[in-house]
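Following: one structure in structure tokens, then a few remarks.
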Amino acid sequence: MKDWQSGAVVAIATLVTLSAPFLLAQHTETVSCGEGTTEVEGVCVSVDRIQVDGIQDIYVDFLKDEYVVSQGDSVRLIFDARVYDHYIPSQFVIPDLEVDIDLSDRSSVHFIEFDATKSGAFYYESMGNCRVQIPGAGEVEVDCTIYCGETENSRSGYISVIPENS
């Protein structure tokens, strides 16, 4: 090896050795969590039910068909279209609790708050569309029955309120 080549190798090795601790200290890895999760200390954890200020926060993601709370709980259902993966609701109804909310404003986070005073299974339903990626068009909302082959543009399930003494 020529003298100038060995000198260059030594210089590059020294530069890498001296720079590595600085570069590693500056690197902060961003964690990207999926729907229904959030990042806590670099780990994705489920956030479908969180207690905040004495209120049970439930992030309604329409990936499951039952959300469970305890009788006596103050409940806040949270709807955030920005984090939905595929199904995008435009309306949410719980007939027995007289809840009916318009979710068509996709830029806002919507909340429904209620006290779970009565135990039982309370049927909910929602109407909406599906969000898909179409080559050349990007992300669009489509009729689920036509594009996805689903039988209807809705999701349904239950808010189950477990009795206090269970």
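Could you please state, rounded to a whole Å, how far the C-alpha centre of region 92-116 is from the C-alpha centre of region 131-155?
23 Å
Give a residue-ordered list of calculated ³J(HN,Hα) values for region 86-101 (Karplus: 6.51 cos²θ - 1.76 cosθ + 1.60, θ = phi - 60°; whole Hz; x for Gly, Pro).
10, 7, 10, x, 10, 8, 9, 9, 10, x, 5, 9, 6, 9, 8, 10
Would you mind counting up the charge near R131? Only other residues with Cβ under 9 Å from its Cβ, with Lys and Arg at +1 and Asp and Glu at -1. Numbers along the way, then the final one.
On the way: positive: none; negative: D85, E139, E141.
Residues near R131 contribute -3 overall.
Rounded to the nearest 5, what % of DSSP beta bridges with both residues in region 47-162 are antiparallel?
Details: 33 of 43 bridges.
DSSP beta bridges in region 47-162 are roughly 75 percent antiparallel.
Quick one: which of 113-120, 72-79 comes out on top by average Cβ neighbours within 10 Å, and what's the full order, highest first?
Values: 113-120: 14.1, 72-79: 18.2.
Taking the mean over residues of other Cβ atoms within 10 Å, the ranking is 72-79, 113-120.
Any read-out appearing in this document is the output of simple, stated calculations on the displayed coordinates, not a laboratory observation. From a predicted model like this one, the values you see are computed outputs, not experimental measurements. As a convention, Cβ positions derive from the backbone with ideal geometry for all residues, glycine included, and neighbour counts pool all protein chains shown.
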